[in-house]
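Input: a single structure, listed below in structure tokens.
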Amino acid sequence: MKKMIQTEWWKLRRCQILLVGIVALALCPVVQYGSQLIVNPEIRDPNFDFVHLFANVVWGNTQVFLPISLVMIGGWLIDRENTHDTMKNLLTVPVSYLKLLGGKLAVTGLLSLLFGLYSVAVTVLTGTLAGLPGLTPGVILQQGGQVVAAALTTFLVCMPMILIFGQMRGAYLGGSILTFFLGYCILFFKSGFLLSAYPFSAALVLAGFDMQEYNGATEAPSIPLALLGMTAVIVLTAVILAFSRPSSKAGSTKKKKAGGRRQARRKTR
Amino acid sequence: MSDCIIETKGLTKRYGEQVSVSSLDLHVQKGRIYGLLGRNGAGKTTTMKMLLGLTVPTSGTVTIFGRPLKGNEKRVLPRIGSLIESPGFYPNLTGTENLQIFARLRGLKSPNYIKGALELVNLPYRDKKRYAQYSLGMKQRLAIALAVMHDPELLILDEPINGLDPIGIAEVRDFIRALCDERGKTILLSSHILSEIALLADDIGIIDHGVLLEEESLAELEQKNGKVLRFTVSNAPVAAQLLQQEMGVRDVVVESEQALTVRNLRLDTGAAVRRFVEAGLVVSDAHLYEDTLEDYFKRITGGEGIA
């Protein structure tokens, strides 16, 4: 497995798709702080400080930016083995398909950790440039830790989507859009079972995010229900992994040929 | 056949109603180059994919190195180097970086494996050029480097000269021959280019519409190739009558008013010409023709030729 993770990491060299995560997570604190500026002065929070900015970043990352980025990147990592026709080379090493997918998930998880750390840095930078008060080592450690923890739990929630859409040729983009909608749905669960057990809510609850303070939850979330939601996601991931098989088109260049025809058509226009 | 490295029995692949490969009994012997010859779509690639476990056969068995492939993939596949269809690599990485990935997965620690493989195919080691910027020929060379990097005992190469320029083709041909002759590798290669197979292979399998029509050594095939004596005379029907009635020759075919062919090669050509002249015929040509491998291919596939 170590070999798988190491080689998956090497494959990321010069990959432009990583820019999706880098740009998205840089946008998050800017958008969150910007949204504070554009609301009416009467409802603007006069005590908006680093703690608030970090909380908004945790929320924004889990609701929008990380689901899009992680499913797109993770899905692409799986999809590329078919589109770049490298699956045949891997399977004839031979590499276990299960381990290959596991390696890709592990690397996406590692990326989520790095994105979390990067998000902390960008948040500190944005808050500092905006002149927000309340930046202390304790805030960075506690709130920053929550950003990183939420990135990891959000990754766990995204795993089934990465596996499903990564294995459907060219569907990772659609998968990331669908995951964005699923993430956005946290907004609608303010109480009851789904407040805690809905996987994206569970990701926030387990990261220690205050759902009542920042999500407008009308009751305190339940940790056991959040754990149940997260366990369900992990079980689903394991089931998908167990039933995953390499595409029967491993070694097929049909897609490339189609591209060639498209190019030929373009040339003739 | 004894000493078989690859042996298949009744290997069949169906896609729905369509039969891609039908009851294939293939025998690749140790230390020899086996050329699988067939038109595009004849079933060569499907066969090779089944030999590598990339495609699951509908029925039949594959035995490689004396073991059934199914259930022994981890023992068998590391001893094989392969190139199936077009080369497949990560476009964002250089050639060396691409090979590093597969070397790591194969547990090859020394960089000499990569260096040696790249040198063999005349590609630079640690070059900064990314795979996406490679020409088709360079891509093909890199794929060959990947196939030989781990010093496998058996090479399965599907159309290895695709995309190469004439010099590259000659180089790869020499390289494949040397792998077999000098390093004792067993090589199964496929091609739709008959001349390439004829130049390289020791044994030839002819596949058409998924059926293996012939499997013989090149020497045996050459022996089987028909030899025909062709005469151009002033009156072919009269000449044919002379051959049949006076010289007892049976296989005479009158092709036109002036041309006839004889398949009986025990015929004394000089005596036949002398008899024609004595009978007042003008003999303008007497020539021995040998069927080419292409003629043979046409004859056994019962149809068109091949590239």
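Numbers below:
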{"item": "Filtered residue count, the stretch B:180-203, keeping only those that are crowded, with 19+ Cβ neighbours inside 10 Å and over 16 Å from the mean Cα position of the chain (by Cα)", "result": "1"}
{"item": "All positions within the stretch A:73-100 that are under 16 Å from A:L241 (Cβ atoms) and either within 14 Å of another protein chain (Cβ to nearest Cβ) or out of contact with any Ser or Thr (no Cβ under 9 Å at 6 or more places or on another chain) (or both)", "result": "A:L77, A:I78, A:E81, A:V95, A:S96, A:Y97, A:L98, A:K99, A:L100"}
{"item": "In the stretch A:177-210, the residues that are polar (S, T, N, Q) and surrounded by 22 or more Cβ atoms within 10 Å (Cβ to Cβ)", "result": "A:T179, A:S196, A:S201"}
{"item": "Test: residue in the stretch A:63-72 that is at negative phi, in contact with a Ser or Thr (Cβ under 9 Å, 6 or more places away or on another chain) and within 14 Å of another protein chain (Cβ to nearest Cβ)", "result": "no"}
{"item": "Qualifying residue in the stretch B:11-26 (condition: surrounded by 15 or more Cβ atoms within 10 Å (Cβ to Cβ), of a type outside the set (S, T, Y) and closer than 14 Å to B:S190 by Cα)", "result": "yes"}
{"item": "Condition check for B:R274: assigned to a strand (DSSP E or B) and among the basic types (K, R)", "result": "no"}
{"item": "Single unsatisfied condition, A:S201 versus (1) within 14 Å of chain B (Cβ to nearest Cβ); (2) among the small types (G, A, S); (3) in a helix (DSSP H, G or I)", "result": "(1)"}
{"item": "Hits in the stretch B:137-171 - residues which are crowded, with 22+ Cβ neighbours inside 10 Å and of a type in the set (V, I, T)", "result": "B:I144, B:V148, B:I156, B:I161"}
{"item": "Looking only at the stretch A:101-126, and only at residues there that are of a type outside the set (A, V, I, L, M) and free of Cβ contacts under 8 Å to residues at least 60 places away in the same chain, the one that is nearest to the other protein chains (Cβ to nearest Cβ)", "result": "A:T108"}
{"item": "Of residues in the stretch B:63-93 being surrounded by 23 or more Cβ atoms within 10 Å (Cβ to Cβ) and of a type in the set (V, I, T), the one nearest to the other protein chains (Cβ to nearest Cβ)", "result": "B:I84"}
{"item": "Elements of type helices (runs of 4 or more DSSP H) in the stretch B:1-120, at least 1 residues being over 29 Å from B:I204 (Cβ atoms)", "result": "B:73-76, B:95-106, B:112-120"}
{"item": "Of all residues making up the stretch B:31-41, the number that are within 18 Å of B:E220 (Cβ to Cβ) and surrounded by fewer than 22 Cβ atoms within 10 Å (Cβ to Cβ)", "result": "2"}
{"item": "Residue list for the stretch A:127-139, filter: assigned to a helix (DSSP H, G or I), touching a residue at least 40 places away in the same chain (Cβ under 8 Å) and surrounded by fewer than 22 Cβ atoms within 10 Å (Cβ to Cβ)", "result": "A:A130, A:V139"}
{"item": "So A:V30, is it touching a Ser or Thr at 6+ places or on another chain (Cβ under 7 Å), closer than 17 Å to A:G103 by Cα and in contact (Cβ under 8 Å) with a residue 60 or more places away in the chain", "result": "no"}
{"item": "Residues located in the stretch B:186-201, provided they are at pLDDT below 90 and not in a helix (DSSP H, G or I)", "result": "B:S191, B:H192, B:I193, B:A201"}
{"item": "Condition check for B:A147: touching a Pro at 6+ places or on another chain (Cβ under 6 Å) and farther than 15 Å from B:G35 by Cβ", "result": "no"}
{"item": "Within the stretch A:1-49, considering residues that are within 14 Å of chain B (Cβ to nearest Cβ) and assigned to a loop (DSSP other than H, G, I, E, B), the one surrounded by the fewest Cβ atoms within 10 Å (Cβ to Cβ)", "result": "A:Q16"}
{"item": "Selected residue (criterion: farthest from the chain's Cα centre (by Cα)) from residues of the stretch B:277-299 that are hydrophobic (A, V, I, L, M, F, W, C) and in a helix (DSSP H, G or I)", "result": "B:V277"}
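Okay, residues lined up against (1) among the aromatic types (F, W, Y); (2) closer than 24 Å to A:Q36 by Cβ:
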residue: A:F115; (1), (2): yes, yes
residue: A:T128; (1), (2): no, yes
residue: A:G131; (1), (2): no, yes
residue: A:G144; (1), (2): no, yes
residue: A:F155; (1), (2): yes, no
residue: A:P160; (1), (2): no, no
residue: A:Q167; (1), (2): no, no
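The values are calculated or read from the model by the stated rules, or taken from the named source; none is laboratory data. In this text the structure is predicted, and so the values were computed from the model without any measurement. Neighbour counts are summed over all protein chains in view; Cβ atoms, including those assigned to glycine, are modelled from backbone coordinates with ideal geometry.
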